[in-house]
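Asks: For reference, the structure I am asking about is given below.
Bear in mind that the values in this text are calculations on the coordinates, not laboratory data. Keep in mind that what you see is a predicted model, and the values were worked out from it rather than measured. When we count neighbours, we look across all protein chains shown, and the Cβ atoms used for this are built from the backbone with ideal geometry, even at glycine.
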Amino acid sequence: MLLNGKAEDLSKYSKIKYKADKFIQKVKQVWEYSDLQIRCVYLIGDLAKKGNGVFSVAYSTFQIMFEQRFNMKISLSSVRRFFALMSKLGLVSVHKAKRKNEQQSANIYIIEQQCEEPTQAEEKEHPIENPSEHQNIISFQEIKDGEQKPLRKDIVNKEQVHNEQTIYEAYLEFKKQGINRNLFDRVINDIKSKVNIKNFKAYLYSALRNVVHHKSLKNGTKIFKNDNLSSFYEILNS
């Protein structure tokens, strides 16, 4: 259990030379987040600055800060799920903490990953171009109360958020079974192109299980007669 304190005190637990933009860049490489979730990422990026990649906040406090910052509602359950997601991806680690009086306090969060700085050799081989002053770059500082613009034109409804959580959990499970990100995305895109799927989770997991089974067959010799799943095997063989 770690000892809580001010941001300056928490910096002793830092594992990296933290840079918010590098952290956000890494997060976006790992998964495609909803509008709600990506705003949580920006808030984390800001909270971790003073502690060099380490911060402490209660779920309820994070909820209040989020709603004040973005003028958007978020439930406590969504906050908990989001931090659990970040932990499962290995981007942030969660640690129980106590105060100096030994009483338990809010968790301490440590940033575990961010995009690495290029070496001098890499910089010489692939020089970084300076962005134009007029280039539209979205940063946390640009998102102010009452002034933020939606990251996408469409509004993420409850069903979409639920499906994204399902997709995320499925990816974590099936990447351990040999389905890489590229193949997983191709399966997801194929499913999204279909209509009238009554149970998205059941359909997704059924498709992925069959893809895993198909991959395990030698030379794909077994023939499946289920027309609804045939497209997934075409994906594998394409």
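Asks: Among the listed pairs Lys28/Lys98; Lys15/Lys100; Lys17/Lys49; Lys73/Lys175; Lys17/Lys73, give every one whose C-alpha distance is greater than 21 Å.
Replies: Lys28/Lys98; Lys15/Lys100; Lys73/Lys175; Lys17/Lys73
Asks: What is the local net charge at Leu3, summed over the other residues whose Cβ is closer than 12 Å to its Cβ (Lys, Arg +1; Asp, Glu -1)?
Replies: +4
Asks: So if we plug the beta-carbon distance of His213 and Ala84 into 1/(1 + (r/R0)^6) with R0 = 22 Å, what FRET efficiency do we get, rounded to 0.05?
Replies: Working from the Cβ atoms, E equals 0.15.
Asks: Give me the log10 of I(q) over I(0) for region 64-106 at q = 0.13, 0.19, 0.26, 0.29 Å⁻¹, as the Debye formula computes it from C-alpha points; what are the numbers?
Replies: At q = 0.13, 0.19, 0.26, 0.29 Å⁻¹ the computed log10 ratios are -0.43, -0.78, -0.92, -0.94.
Asks: Over every pair of different alpha-carbon atoms in region 1-122, take the mean of 1/r and invert it; report that Kirkwood radius in Å.
Replies: Details: mean 1/r = 0.0672 Å⁻¹.
Computed over Cα pairs of region 1-122, the Kirkwood hydrodynamic radius comes out at 14.9 Å.
Asks: Another one. Go ahead and run the numbers for FRET between Ser206 and Met1, Cβ-Cβ distance against an R0 of 25 Å, rounding to 0.05.
Replies: FRET efficiency, Ser206 to Met1: 0.05.
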